[in-house]
1. Order A:Phe32, A:Phe37, A:Phe361, most accessible first, counting only protein heavy atoms with a 1.4 angstrom probe.
2. Please list, short to long, the whole-number percent of alpha-carbon pairs of region B:89-167 in consecutive 5 angstrom bins beginning at zero.
3. What's the carbon and sulfur percent of the protein assembly as shown's accessible surface, probe 1.4 angstrom, rounded to a whole number?
4. For Cα pairs less than 8 Å apart in space and 6+ apart in sequence, what is the mean separation divided by the residue count of region B:3-250, i.e. the relative contact order in percent?
5. Assign unit charges at the C-beta atoms only (+1 for Lys and Arg, -1 for Asp and Glu), then state the dipole size of region A:25-334 relative to its Cα centre in Debye, rounded to the nearest 20.
6. Above 12 Å lies some portion of the pair distances; for region A:25-75, what is it as a whole percent of all C-alpha pairs?
7. Hey, can you list the residues from region B:75-99 whose accessible area shrinks by 20 Å² or more with all protein chains present, relative to the chain by itself (probe 1.4 Å, no ligands or nucleic acids)?
8. Leaving ligands and nucleic acids out of the surface, order B:Lys109, B:Lys215, A:Lys216 by accessible area at 1.4 Å, largest first.
Amino acid sequence: MTVTDHTQATADAAHSHGIVPDKSRADRVVSFDADVFPVPTGREENWRFSPVRDLRSIFADEPADGHLEWTTSELPAGVALTEVPADDARARTVREPGDRASALAVKHSGGAMALTIAANTVVEEPITIDLRGTGGDVRGHLLVEIGQSAEATVVITRTGTARYSELVSVDLRDNAGLNLVLLQQWDEDAIHAGEVVARLGRDSRLRGTVVTLGGKVVRLNTSAAFAGEGASVDLFGLYFADSGQHQEHQLFVDHAVPKCTSRVTYKGALAGKTAHSVWIGDVLIRAAAEGTDTYELNRNLVLTDGARADSVPNLEIETGEIEGAGHASATGRFDEEQMFYLRSRGISEDQARKLVVRGFFADLIHEIGVPAVEESLLKQIDLEIAHVEEELEHE
Amino acid sequence: MSTLEIRNLHVTVETPEGTKEILKGVDLTINSGETHAIMGPNGSGKSTLAYSIAGHPKYTITEGSVTLDGEDVLEMSVDERAKAGLFLAMQYPVEVPGVSVSNFLRTAKTAIDGEAPKLRTWVKDVKGAMENLRMDPAFGERGVNEGFSGGEKKRHEILQMELLQPKISILDETDSGLDVDALRIVSEGVNRAKDTTGLGIMLITHYTRILRYIKPDFVHVFVAGRVAEQGGPELAERLEAEGYDRYLASA
Ligand SMILES: Nc1ncnc2c1ncn2[C@@H]1O[C@H](COP(=O)(O)OP(=O)(O)OP(=O)(O)O)[C@@H](O)[C@H]1O
Ligand SMILES: [Mg+2]
């Protein structure tokens with residue numbers, strides 16, 4: 001087992017001298033022009049943990065041949081799903097792409113699909129979008145636009161297989177609320193590089209949950225930027241990496257305005273010799289962002305030998321006038337004492353392991369707020385654990 | 001009627017300095033309905049004895065035997081030992097975050113009995129047992145031992161013992177860290193289990209205080225990995241007055 005924790009917290013710059021990263025997150029290039037981003041070699045700061053060779057076709061500046069099959073729940077009044085031509089799609093994207101995969105996804109997607117919720121519309125039932133890959137290369141561009149004081153839950157589930165790259169733009173107007181759930185339930189050979197960029201208007205609330213269970217390589221890069229005061233973002237993530245899976249979640253919360261709140265909570269379990277997870281959590285509190293309150297957490301549970309969890313929290317603080325800022329990162333072995341305790345009460349090894357892993361994820365699962373998703377997730381986690389048991393038996 | 005029989009038990013642990021023998025030939029027999037107090041200085045191996053009987057993977061049995069009603073306990077897995085009727089109330093109960101107490105208790109009961117308990121009676125049993133131990137019903141929804149105080153953890157151990165109804169129970173310093181009220185409540189729980197199920201008890205303790213509530217039939221002095229002397233309740237009084245110096249000098 002390899003566990004690395006590259007903690008690079010820059011302590012409150014106004015008070016002390018922490019380790020300062022070479023470059024501020026604020027300086028990262030963004031552009032619709034894919035040529036601005038050379039093909040990654042794996043030595044770049046943001047690609048250094050990624051299996052770039054598996055992503056080759058995603059880095060190729062070529063038209064893509066495949067598509068995803070869309071199945072959408074019935075859309076209530078005030079909700080529209082429309083095709084948007086390329087120029088318009090770019091104009092409505094809240095921020096330019098932050099890497100080559102994302103820029104090429106926009107370039108070759110042939111326009112975007114836009115899910116738009118009209119102002120003051122409160123959608124009670126979750127809006128579900130199922131995306132099924134049928135193989136081949138697919139480039140996607142999706143706009144999620146929540147009008148002023150509108151409120152909705154959107155669950156996007158990816159299944160099947162593809163070599164898929166995408167840019168998802170999330171636009172929350174003033175006082176809007178969105179619960180966005182992204183489920184990566186791909187077949188085991190899928191490759192997925194996605195960028196999610198969110199802009200939060202004044203007093204808006206974004207709750208984003210990412211669940212990554214399937215796929216060979218899944219690399220999701222989520223950015224949330226505050227554009228108005230009083231907004232809040234909660235980003236939750238749950239992943240379970242088996243042998244042969246690379247699951248990478250990068251996050252960037254940009255506190256550019258005062259009085260906003262952010263919470264990032266990601267938890268992962270790893271099992272199997274070549275299971276690899278990466279979590280990079282960047283939070284930037286700019287000089288103007290007084291009264292910021294932020295906390296980010298990543299925890300990894302390593303169930304078997306050979307799995308590798310990289311965890312890199314990174315907090316940059318440019319003002320001392322904040323409410324709170326903190327981060328925690330912990331990666332631990334599966335706790336044998338917990339197993340012994342449960343088993344000493346007659347509970348079998350298999351069942352004890354299920355209880356411990358379910359317990360590890362319990363609080364996160366309850367945060368999703370969509371009962372159907374929570375239930376199916378518990379079942380899928382049990383399946384993942386059953387899979388671990390098989391692997392352990394083969395050892 | 002059950003009998004736990006420990007014969008010439010030798011146990012080692014792996015330390016950075018090499019293998020270390022901790023138990024050096026323990027002999028002890030506990031029958032249903034009997035209470036055996038085990039008293040001895042820190043580090044003498046009392047917890048090691050308790051954990052070895054329960055099957056903790058850290059300990060290696062190098063010699064001797066442990067049987068329950070003639071069945072070889074050492075051949076059993078940890079959960080099989082519990083199903084056979086052994087229970088260990090731990091000195092330091094383990095936190096299992098995210099697993100609710102009620103889910104845990106029901107899962108354990110189902111495992112021990114081999115079938116799920118009848119929901120109605122089970123809910124009533126749990127509620128009653130918690131009331132008896134002055135545990136707030138809200139504990140049912142909390143994570144197992146998660147954020148429990150020392151005393152709450154000990155009550156939770158006894159709660160499990162009352163619900164799982166073992167044949168032989170090992171209580172490892174269940175009295176340590178309890179105030180007088182909590183000590184009385186926990187002791188009542190142990191005595192209830194003894195009265196209703198004829199439980200046999202190995203009671204590991206440093207203090208005679210608990211022996212006023214739970215009357216021992218036998219007292220064993222445990223020194224340097226073996227039983228150095230045995231006697232009746234009067235031996236406990238003498239230990240409290242004189243300490244273990246007499247045994248340590250000769251050990
Ligand atoms: N992993 C280990 N490495 C080294 N020594 C160990 C290990 N585990 C136990 N020991 C030693 O074994 C001895 C017996 O420990 P044990 O916990 O059984 O004592 P005890 O009688 O229960 O003491 P106490 O009254 O303090 O609870 C101690 O000296 C302890 O340090
Ligand atoms: Mg002890």
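1. Numbers: A:Phe32 45, A:Phe37 20, A:Phe361 0 Å².
In descending accessible area the options line up as A:Phe32, A:Phe37, A:Phe361.
2. For region B:89-167, the binned pair fractions read 3, 16, 29, 29, 17, 6, 1 percent.
3. 48
4. Values: 452 pairs, mean separation 67.9, N = 248.
Worked out over region B:3-250, it gives 27 percent.
5. Values: 30 positive and 45 negative charges, 143 e Å.
So the magnitude is around 680 debye.
6. On the way: 962 of 1275 pairs.
So the portion of pairs separated by more than 12 Å is 75 percent.
7. Correct list: B:Val78, B:Asp79, B:Ala82, B:Met90, B:Val94, B:Val96, B:Pro97, B:Gly98, B:Val99.
8. Numbers: B:Lys109 25, B:Lys215 125, A:Lys216 75 Å².
Output order, biggest surface exposure first: B:Lys215, A:Lys216, B:Lys109.
The values are calculated or read from the model by the stated rules, or taken from the named source; none is laboratory data. As the structure is a computational prediction, the values presented were derived from the model and not from experiment. A quick note on method: Cβ atoms are made from the backbone with ideal geometry, for glycine too, and the neighbour counts reach across all protein chains shown. Accessible surface areas use protein heavy atoms only, side chains included; no ligands, DNA or RNA. Shrake-Rupley method; radii C 1.70, N 1.55, O 1.52, S 1.80 Å.
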